[in-house]
Amino acid sequence: MKMEITVSEVAEIFKEIQERPSRLFEMIRMDIREVVGKYLTELMNVELTHFLGREPYVRIAGTAVNHRNGSYGRRFTLKGVGEVHVNVPRDRKGEFKTSIIPRSKQYEEEVARDFSIMFLAGISTRTLSMLSERLIGRRVSAAEISSVSAELNAAVEAWRRRDLSGEGIKYLFVDGVHFHMRVGGSIEIVPVLVAIGVTEAGQKLVLSFQAGDKESATSWREFFKDLKSRGLDGGKVTLGIMDGLSGLESVFKEEFPRAKVQRCQVHVARNVLAKVPQKFKQEVANDLRSIFYAPSREKAWECFKAFCQKWQKIIPSAVECLKRSIDSCLTFFDFPPEEWISLRTTNIIERLNKEFKRRTKVMEIVAGEITCYRILAYISLKMEMHWRSSPIGKVHSNLPFFNQLAYEHFTQKG
């Protein structure tokens, strides 16, 4: 059928466009959706022709022969196009199922993936539901978005349980982080244990995260055994960087007998300063910095002895606290100088945990362990992309000079 349009109608259209320029783009989108709908309908008709083995109106004798049986209308949403109307052809026996538009799907997989990524990035299901009509031309319920995100579970679990035998991990940063999580019918504070590995090339990788009591030696033992069962070569691990969690160091040494332990200097400093009266805190902090940022182990021990002499009578509890941890605080001196700045503290894993908390803060309550893992996997992969540009130990030649400069200008010397 030929469509004709008069000059007056064209003038009316242009007048409307001049008054409201956005109307032009609305018309373009409407035309595109109409064309795409017809295209998909035609594809399904061709598909039915192939299924039946003959063109429309071609008759074959016999009562058992299947025939076309009209069509039914439905809507389907495409990325970049929006919601389109299609006519899905039917056969008389009900045997034909189109592969063009799956019967159970309301939108293509790319739309579902985009919603999943936006949810993982921090946009709530309610907000996405409100935005969906603007984004894809139809409203998607919060329940639908949750369901779409849940489809990532298998991929997340496969990544979380992936083989580690080819990674060649030399250092492990370990810590735990708490989440308010829905468990059964109640809200519980659930710890999640986290491990970041450093490869021989200095690249940082999130190796594992799993629910477990971070104060429990048994939980940490199972956590480390799980890493090894997935292929982590415990014989290649030479250092573990951690805070002073109960039982963690002893379990780590048992599971990785060739590895040494570096106690996080920030955590030790906090513990020491917690025992210092307010009037002395700044001075004690400066003295601690002189120890931890000394240019050599010998100088660090010299500063430690001076610290003990200076503060033993005034704040003996703080001195005793430092004495208990000083050996583990200076382990980093056994490793290449260009890596010292990264090995002194658990800042790397603290940064990851901060991203975890920032993402889940908008949720207030995480809807279960599986949802938690899904979000943490996304954040971990995002952080790994950022880490690629900053491998450990890539500040080579000028670092000893930098250490000496930092010691001379930013520490207190006795």
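The values are calculated or read from the model by the stated rules, or taken from the named source; none is laboratory data. This structure is a prediction, so every number in the text was calculated from the model and none was measured. Cβ coordinates were reconstructed from backbone atoms using ideal geometry, including for glycine residues, and neighbour counts include every protein chain displayed. Side chains included, ligands, DNA and RNA excluded: accessible areas come from the protein's heavy atoms. Shrake-Rupley method; radii C 1.70, N 1.55, O 1.52, S 1.80 Å.
Of all the residues in region 305-327, those that are within 42 Å of the chain's Cα centre (by Cα) and open to solvent by 20 Å² or more (accessible area, probe 1.4 Å) number 5. Listed conditions (1) within 14 Å of V194 (Cα to Cα); (2) out of contact with any Asp or Glu (no Cβ under 7 Å at 6 or more places or on another chain) are all met by N353, apart from (2). Can you confirm whether F356 is assigned to a helix (DSSP H, G or I) and at pLDDT 90 or above? No, not satisfied. Of the listed requirements (1) of a type outside the set (D, E); (2) in contact with a helix residue (DSSP H, G or I) (Cβ under 9 Å, 6 or more places away or on another chain); (3) in contact (Cβ under 8 Å) with a residue 12 or more places away in the chain, A201 misses just one: (2). Selection of region 176-205 for residues being surrounded by fewer than 21 Cβ atoms within 10 Å (Cβ to Cβ), under 18 Å from G234 (Cα atoms) and among the aliphatic types (A, V, I, L, M) yields A201, L205.
Each residue in region 91-109 was checked for being in a strand (DSSP E or B) and surrounded by fewer than 18 Cβ atoms within 10 Å (Cβ to Cβ), and 1 of them qualify.
Answer yes if at least one residue in region 271-283 is among the aliphatic types (A, V, I, L, M), open to solvent by 50 Å² or more (accessible area, probe 1.4 Å) and over 29 Å from the mean Cα position of the chain (by Cα), and no otherwise. It would help to see each step written out before you state the result.
Here is the first cut: in region 271-283, the ones among the aliphatic types (A, V, I, L, M) are 272-274, 276.
Filter once more, so that each one left must be open to solvent by 50 Å² or more (accessible area, probe 1.4 Å): 274.
Applying the additional criterion that residues be over 29 Å from the mean Cα position of the chain (by Cα) yields 274.
Yes, the conditions are met somewhere in region 271-283.
Of the numbered criteria (1) under 23 Å from F332 (Cα atoms); (2) touching a strand residue (DSSP E or B) at 6+ places or on another chain (Cβ under 7 Å); (3) open to solvent by less than 30 Å² (accessible area, probe 1.4 Å), the one E255 fails is (2). Take the conditions (1) without any contact (Cβ under 8 Å) to a residue 60 or more places away in the chain; (2) within 17 Å of F223 (Cα to Cα); V237 misses just one of them, which is (1). With respect to the stated conditions, L399 fails to be closer than 22 Å to I241 by Cα and modelled with pLDDT of 80 or more.
Give the residues of region 334-362 that are among the basic types (K, R) and surrounded by 17 or more Cβ atoms within 10 Å (Cβ to Cβ), sorted by residue number. Full working, then the answer.
Narrowing region 334-362 to residues among the basic types (K, R): 344, 351, 354, 357-359, 361.
Scanning region 334-362 gives R344, R359.
Residue-by-condition table, conditions (1) free of Cβ contacts under 8 Å to residues at least 24 places away in the same chain; (2) more than 22 Å from the chain's Cα centre (by Cα):
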{"residue": "R162", "(1), (2)": "no, no"}
{"residue": "D175", "(1), (2)": "no, no"}
{"residue": "V190", "(1), (2)": "no, no"}
{"residue": "V206", "(1), (2)": "no, no"}
{"residue": "D213", "(1), (2)": "yes, no"}
{"residue": "F223", "(1), (2)": "no, no"}
{"residue": "K228", "(1), (2)": "no, yes"}
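Residue-by-condition table, conditions (1) within 19 Å of the chain's Cα centre (by Cα); (2) under 30 Å from V198 (Cβ atoms); (3) at pLDDT 75 or above; (4) open to solvent by 20 Å² or more (accessible area, probe 1.4 Å):
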| site | (1), (2), (3), (4) |
| --- | --- |
| S132 | no, no, no, no |
| L135 | no, no, no, yes |
| R138 | no, no, no, yes |
| E167 | no, yes, yes, yes |
